[in-house]
Every structure is written in C-alpha cells, then in structure tokens.
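Some notes on the structure that comes next.
Please treat every number below as a calculation from the coordinates, not as lab data. Nothing here was measured: the structure is a model prediction, and the numbers come from that model. No Cβ is skipped: glycine too gets one built from the backbone with ideal geometry, and neighbour counts run over all protein chains shown.
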Amino acid sequence: MVRNYVRETNRQDWSVENLKQAVDAVLRKEMGLKKASVQLNVLKAFLQRYVKMRANDENVTNNKIYNCDETGISENPKGNSRIIATAEICMSATRAYMPPMLIFPRKQMQKEFEVGLPPGARAEVSETE
C-alpha cells in the first residue's frame with residue numbers, strides 16, 4: 001500500500017556555492033555563523049562543520065606532509081630468514097628529505113650498527129617482545 005507523506009517541516013534550498021560563500025565569509029570574519037547561515041540560506045550545522053574542516057585544512061601545509069616507507073632487511077633475500085634490520089626513509093611533499101634510519105631489533109645499541117652508514121643516516125634499536 002503506497003502512502004503519500006506530507007512534509008511538515010520546511011527544507012532549506014541551498015547550493016554548494018552558497019555553502020562556499022558562507023564558509024569564506026565566516027573565515028574572513030565578515031559574518032558570524034548565525035548571520036551567514038541566515039543570509040546565504042545554509043543550514044547552521046552544515047556551515048559549522050565545514051568551517052571547522054576548512055580551518056583545520058589551512059593549518060596543514062605541504063612542508064608538514066611526509067611519506068614514509070619502510071622495508072625489512074634479512075640475511076638471505078630469497079629465503080624466509082629473520083629480519084636483521086628495518087630501513088625507513090621519509091620525504092615531504094616539498095621534497096625535503098630525511099636521511100635514512102636503520103632500526104635494529106635489539107635491546108642495546110652497538111657501535112658496529114653505525115659503521116658504513118651513508119652521511120646523515122642514523123641507527124636506532126627497538127626492543128622486541
């Protein structure tokens with residue numbers, strides 16, 4: 001049995017463009033949340049959520065975004081032998097490069113771990129369980 005429901009609440013007509021304008025107005029401090037939502041016909045809850053998202057996005061810049069890659073190094077690359085060390089390399093979106101780091105699964109650091117490393121590279125230990 002098909003029923004026709006009548007909506008008793010008014011739905012606001014708003015567009016993505018209105019939302020963008022409202023968010024920009026609030027971030028530029030031309031209007032408050034309430035005034036921008038009324039004038040540009042945008043739901044206040046949506047506007048508040050998008051203002052928070054945009055404010056957080058502006059704090060993230062390319063020099064704060066890094067991509068890290070790690071790989072395990074073993075004695076025998078063809079076999080399933082245990083991992084001797086883990087190599088980690090990081091680079092930022094602005095091409096800033098962090099020297100490689102070798103992480104050894106040990107409790108105590110030994111001087112031999114740093115022998116033969118490239119300039120700027122570090123050796124660290126990580127206690128295993």
>> Rounded to whole Å, give me the distance from the Cα center of region 76-127 to that of region 18-69.
In response: 41
> Helix 44-59 sits at what angle to the longest principal axis of the chain, using alpha carbons and giving 0 to 90 degrees rounded to 10?
Replying inline: 30
> Roughly what angle does helix 16-27 make with the longest principal axis of the chain, taking Cα atoms, 0 to 90 degrees, to the nearest 10?
Replying inline: 70
> Label-point separation (nm) for GLU88 and ASN76, each offset 7 Å from Cα along Cα-to-Cβ?
Replying inline: 2.9
>> At q = 0.14, 0.23 Å⁻¹, what log₁₀ I(q)/I(0) does region 16-59 have when each alpha carbon counts as one equal point scatterer in the Debye sum?
In response: -0.24, -0.65
> Once the piece of chain linking ARG3 and CYS68 is laid out straight, how much longer is it, given 0.36 nm per residue of separation minus the C-alpha distance between them?
Replying inline: 17.8 nm
>> For ILE103, ILE89, ILE73, which order do you get if you count the other beta carbons within 10 Å of each Cβ and list the fewest first?
In response: ILE73, ILE89, ILE103
> Toward the positive end of the charge dipole of the chain, about the Cα centre and with charges on Cβ (Lys, Arg +1; Asp, Glu -1), which of PRO77, VAL125, ASN67 goes farthest?
Replying inline: ASN67
> Classify the chain: rounded, prolate or oblate, from the alpha-carbon gyration tensor (a ≥ b ≥ c, eigenvalue square roots; a/c under 1.5 rounded; otherwise prolate if a/b is larger than b/c)?
Replying inline: prolate
